[in-house]
Each structure stands twice: as structure tokens, then as C-alpha cells.
Amino acid sequence: MTGPLAPAFPTVDYGALAPVLIVLGAACLAVLLEALLPLRVRGRVQLGLTLVAVVGALLAVIVRATSGAPAVSTLSGAIAVDGPALFLWGTLLALAVPSVLLLADKSVEPGGAFLADPVALGEAEADQQAREKAGVGARSASSGSSGRAGGSSGASGARLTGRGGRPVEGHTEIYALVLFALGGMLVFCASDDLLTMFIALEVLSLPLYLLCGLARRRRLMSQESAVKYFLLGAFSSAFFLYGLALLYGYADSVKLSDISLAAAGSLRPDSLLFGGLALLVVGLMFKASVGPFHTWTPDVYQGAPTSVTAFMAACTKVAAFGAILRVFTVAFGSTVWEWRGVLWVVAIVSMLIGAVLGLTQTDVKRMIAYSSVAHAGFLLLGAMAITPAGLSATLFYLLAYGFTTVALFGLVSLVRGPDGEATHLSAWAGLGKRSPVVAAAVTFLMLALAGIPLTSGFTAKFAVFSAALADGMTPLVIVALVVSAVAAFFYLRVVVLMYFSEPAADGPTVSVPGPFTTVAITLGVVVTLLLGVVPTAVLGWADGLSFLG
């Protein structure tokens, strides 16, 4: 059919979209395998498929980035495959490898950290009592058995049984959920229009809500965290969608480039533009754990399975800040002086919340959660710069922070008590005597988060602060330096506790990690060291990148 009524078919650059297609195609295949494969081989096949898909997508990104292929906007301009998108895709896929290995490990927690049967026996004693109070009436878990985690009760020491005494196997659908979440993240940070970005936001969020509630230990806390994350996430999505509607009313388009053109020369009232931007920012800042939109972060980090927390803490922040960078630079770069003042306040509030409330925490996972809020404030400095130096510094920061965080949560999962992970700070007393290797790795990663030289954290902060100084944000950099000094206290507090306190006689033990956890931790520690000592290769790739449009 030809003529003016002929349908306009979207152009699709399959080569440019290959990483996304590989991940989402593998996710769909994982759903089919979940339904068709027998239970005894399902877990191994799903793990193999997930790792092959992630590594294959990462290779596709490397080939695209090194081939000299030009930046393209494909799917009728819905997705932009440019330099920053490829860097973010490579970062997400590289972080997904250790995250999947942590999810798959069954040596630290015998049987795995996930449980398939909702009424399986063998939960932690506290959860079991809560279930009985609620009238569930499940038989109490056997206790007193000692597993390799040092006296773990119930689930660690006995074979888990479900209805009718049948054996309970761990979740295998987690791999499909992780692939869908990862696919959503890839699309989210490369979306060139707000509607595609919103759909990607939902695709990456819904699997995470489910993953947070699937913990085998402390299941009531896990399910509570999932409900909180879901409810607050629904509110943030509503803010994002309402902001999208206002911006569509202002620019007659949801494309970022069209919004930029309208902002530069439209005669329509700016109330629609800045009202839409404000609501859009709420949705983006929520996903990035930026204060004061961080309220979900401590509870979800603490309640979710630690391997899921590692995946969220690293990959979700990369995807969220990738979208923030694209929206600020492409759509609102011409109005930077109108909105930058508000984001100055948001950045300061985020840094202060993370540092001050982090000082009061007695749980390691909650402390890292508030640390992530402070780091989100630091990242905003680079995102607000709207300069090539700010872009490259923020991209480097996301890569460095991601590997440090994944490795740190892997180490957190090794410290075990009678009811599973021992995340209370008192349990970490004397850890340097119980396990010198684990304590040394934790110390190195804590120093990286504090920004000590010869770690990736120092290089990342130096790059972001330099970009902010060059763009005239000197007062904000001074605040960030003061907050960094304050935040260093709660990192060093853990180090002092591990080396200068005596371990309790009946204190927690440190599990010997299996090969998956060992690889994930080692990879994170090595990358943290390399990016601190020889960061030029990654910084050289990030320098000169620019968004399409």
C-alpha cells in the first residue's frame, strides 16, 4: 500500500538493540522452562541460561562500543543507543554477573536463600512464633541443630518440608524475574521518550517487588518490605505518570528532544513545564534512593534477601541515575538555571539524611542503606553539572559504587547467627579474630565507600567533585566534603568494632563461601582496587561520551 494513508512502520536497528533483545528473550524463555522442565534440573538450567544471556548481552555491548558504530535512535525514536547508553548497559550487565552468582549460591544458606512453599516448615523461630500468633498453626521448627553457619536453627540444620512432609526446593523463578528486571533497567536508561521510560520503570520494578518478599529467613520482615516497596513504588509511578501528562500537555510530545525544543521557545505557560518536571523528578529520585524520597530504602534493604538487596543497590541505582542524566541533559538542559536551585536543596538533604541517620543505625544492612542515600546526593552533583565532565564522572561513580556494594553485601551474608544472617553491629565485634580475610575485605570496601585514596570510591568522588567545582557549585562541594567526613565515622566504626573488640564466646561464626559467592566477592574487591589504582581506562571510555539529541 502506498500513498498518504500508508502505515508508517517503525525502523528497528536489531544490532543496536541486541543486548536488550538477548536479555528479554532469555527472560521469556526462562518462563517457558519454568513451566516445562522437571524440578530436579530446573535450577541448574535456569542459572545457566541467565548467565549465558547476561554474558552474551555484555559481549554484544562490547562489540557495539568498539566497532565505531554511530549513535542511533531506533523504534521510532523510543530508544537511543548512544555512548552513555552503551556505558550504562555495560555497567548493568557487568554488575548482573556477580549479583546472579549471589542469588544462586546455596552454600552459605543450605538450600538457598529463597523458599518455594509459602507454608514450608523450618523458618526462623521468631517468624514461626509470629505465624502461630496469627493462627496459622504451623508446626514449630526444629532447633538446636548446628549448621555450618554456627548453630543455625530450623532451616539450616534440617531438611525443609512443606505440605504433607514433601521436600521443599528453592525458588527457580527468581532467574526469570531478575532477567525481566534487568531488561527493564536496560530500556529505562536508554529511553528517549517519557512513555517508554515509564513502561520500562514498571518492567524493572514489578519483579523487584516480588523478589523482596521471597526470603527463606525472617519471612515476615521480607514480606513486609515487599509490601512497603510496592505501595511506595506505586505512588512514585503515579507521580511520574502525572508529570509525563503535564509535559505532554506543554510540548505536545513525550519525546525528550521535543520537550527541549518546546522549553527553549514555547509561548505556553511555564507552570506546565516545571510542574511536570517536579513530578517527574519525584518518580526518578524515588527509584534512585535520593532523600527525602528514600523512605523505602532502609526497610527494603534490611528485609529483602541479601542477594536481592545487592542486586537492587547496585543495578537499580545505575538505571535510575542513567535516566536522570538523560532527562536532565536532553530534555531540560536549556532550563538548567530554573531547576538547579531546587536540586541543590535535594542533594544537600539527601547527603545529610544519609550521613546523620547512618550514624544512628545498629544494623549493617540499614547502615549501608543510609550510605546509599548519601552517595545518591554525591551523584546528584555530577548529574546537575550538565557538562561532559559531569557526565563522565557520574558514569564512573556508578560503576565503582556498584561493584563495591555487591561485594560488601556478599560479605554481609557470610556472618551467620542462630537465625541466619547476623546483621546487628554487636555480632561483628571481634570479626578480625574470627575471620581475618573477611574482616580485611570488609575494611577495604568500607574505606572505598568512605572515599579513601587507592580505592575506587576516592577516584569517583574526586571526579564528581571536580566536575561540580568546574561548573560553579563550590558551596555544594564544600557541603559534600563535610558530609563525607561525617559519613566516614560510621564506616570506620565497623572497622574498629571488628579489630578492637573481643568476640563473644557464643557469637556468630563466618561461613565458608561457596564458589559462586567467592567469585562475586573477589570480582567486586578486585574492580574496587583497580578503579582506584588505574582508573584511566574506564575514565578514558567515559570521557567524550554524549547523549543523542
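Within the stretch 87-111, residues that are in contact (Cβ under 8 Å) with a residue 24 or more places away in the chain reach partners that are of a type in the set (F, W, Y) and not in a loop (DSSP other than H, G, I, E, B) with beta carbons closer than 6 Å, at six or more positions or on different chains, in the pairs S99/F311; L101/F516; A104/F516; D105/F516.
What about A65, is it under 24 Å from the mean Cα position of the chain (by Cα), modelled with pLDDT under 95, over 25 Å from T405 (Cα atoms) and in a strand (DSSP E or B)? Full working, then the answer.
Details: under 24 Å from the mean Cα position of the chain (by Cα): yes; modelled with pLDDT under 95: yes; over 25 Å from T405 (Cα atoms): yes; in a strand (DSSP E or B): no.
Here the answer is no, as A65 does not meet what is asked.
Under the condition of being under 30 Å from D192 (Cβ atoms) and polar (S, T, N, Q), the residues counted in the stretch 493-549 number 1. If you go through the stretch 32-51 and keep only what is more than 21 Å from V61 (Cβ to Cβ) and either without any contact (Cβ under 8 Å) to a residue 12 or more places away in the chain or among the acidic types (D, E) (or both), you end up with L32, E34, A35, L36, L37, P38, R40, V41, R44.
Does the stretch 233-242 contain at least one residue that is crowded, with 18+ Cβ neighbours inside 10 Å and closer than 30 Å to E109 by Cα? Yes, there is a match, as at least one residue in the stretch 233-242 is crowded, with 18+ Cβ neighbours inside 10 Å and closer than 30 Å to E109 by Cα. Of the residues making up the stretch 293-333, just one is more than 13 Å from the chain's Cα centre (by Cα), under 27 Å from L273 (Cα atoms) and of a type in the set (D, E, K, R), namely R326.
Kindly check whether there is at least one residue in the stretch 523-530 that is within 29 Å of L101 (Cα to Cα), modelled with pLDDT of 90 or more and exposed (fewer than 14 other Cβ atoms within 10 Å of the Cβ). Yes, some residue in the stretch 523-530 is within 29 Å of L101 (Cα to Cα), modelled with pLDDT of 90 or more and exposed (fewer than 14 other Cβ atoms within 10 Å of the Cβ). Pairing each residue of the stretch 241-266 that is farther than 19 Å from V336 by Cα with any residue that is among the β-branched types (V, I, T), provided the two are 6+ apart or on different chains, yields C-beta distances under 7 Å for Y248/V254; S253/I259.
Any residue that is surrounded by 15 or more Cβ atoms within 10 Å (Cβ to Cβ) and either of a type in the set (A, V, I, L, M) or over 29 Å from K317 (Cβ atoms) (or both) - is there at least one of those in the stretch 1-15? No, there is no match, as no residue in the stretch 1-15 is surrounded by 15 or more Cβ atoms within 10 Å (Cβ to Cβ) and either of a type in the set (A, V, I, L, M) or over 29 Å from K317 (Cβ atoms) (or both). Can you pull out every residue in the stretch 54-75 that is of a type in the set (S, T, N, Q) and touching a residue at least 40 places away in the same chain (Cβ under 8 Å)? Within the stretch 54-75, S73, T74 qualify.
If we keep just the residues of the stretch 277-316 that are over 29 Å from S334 (Cα atoms) and of a type in the set (A, V, I, L, M), which is surrounded by the fewest Cβ atoms within 10 Å (Cβ to Cβ)? Result: M312.
Pick out the one residue from A505, A537, A520 that is free of Cβ contacts under 8 Å to residues at least 60 places away in the same chain and either among the hydroxyl-bearing types (S, T, Y) or not in a loop (DSSP other than H, G, I, E, B) (or both).
Details: A505 fails: either among the hydroxyl-bearing types (S, T, Y) or not in a loop (DSSP other than H, G, I, E, B) (or both); A520 fails: free of Cβ contacts under 8 Å to residues at least 60 places away in the same chain.
None of the others qualify; the one that does is A537.
A residue that is crowded, with 24+ Cβ neighbours inside 10 Å and either acidic (D, E) or over 21 Å from the mean Cα position of the chain (by Cα) (or both) occurs nowhere in the stretch 391-414. Per the listing T459, T443, the residue uniquely crowded, with 24+ Cβ neighbours inside 10 Å, assigned to a helix (DSSP H, G or I) and polar (S, T, N, Q) is T459.
Scanning the stretch 470-483 for residues that are assigned to a helix (DSSP H, G or I) and in contact with a helix residue (DSSP H, G or I) (Cβ under 7 Å, 6 or more places away or on another chain) yields A470, L476, V477, V479, A480, V483.
Scanning the stretch 243-261 for residues that are among the small types (G, A, S) and surrounded by fewer than 21 Cβ atoms within 10 Å (Cβ to Cβ), we see that the one that is nearest to M285 (Cα to Cα) is A245. When Y491 is tested against (1) surrounded by 22 or more Cβ atoms within 10 Å (Cβ to Cβ); (2) under 23 Å from the mean Cα position of the chain (by Cα); (3) under 20 Å from T387 (Cβ atoms), just one condition goes unmet, and that condition is (3).
Determine if the stretch 209-222 includes at least one residue that is assigned to a helix (DSSP H, G or I) and in contact with a Phe, Trp or Tyr (Cβ under 6 Å, 6 or more places away or on another chain).
Step one: filter the stretch 209-222 for residues assigned to a helix (DSSP H, G or I), giving 209-212, 219-222.
Keeping just the survivors that are in contact with a Phe, Trp or Tyr (Cβ under 6 Å, 6 or more places away or on another chain) gives 209, 212.
Checked against the condition, which is being assigned to a helix (DSSP H, G or I) and in contact with a Phe, Trp or Tyr (Cβ under 6 Å, 6 or more places away or on another chain), the stretch 209-222 yields at least one hit.
Cβ separations smaller than 8 Å between residues 6+ apart or across chains give no pair from the stretch 12-31 residues that are modelled with pLDDT of 95 or more and outside any helix (DSSP H, G or I) to residues that are surrounded by fewer than 18 Cβ atoms within 10 Å (Cβ to Cβ) and hydroxyl-bearing (S, T, Y).
Residues in the stretch 446-456 that are part of a helix (DSSP H, G or I) and crowded, with 23+ Cβ neighbours inside 10 Å: M446, A448, L449, S456. Hey, does the stretch 385-403 have a residue that's at pLDDT 95 or above and farther than 30 Å from V342 by Cα? Checking the stretch 385-403: at least one residue is at pLDDT 95 or above and farther than 30 Å from V342 by Cα.
The values are calculated or read from the model by the stated rules, or taken from the named source; none is laboratory data. If you're wondering where the values come from, they're calculated on a predicted model, not measured in any experiment. Every residue, glycine among them, receives a Cβ derived from its backbone with ideal geometry; neighbour counts consider all protein chains shown.
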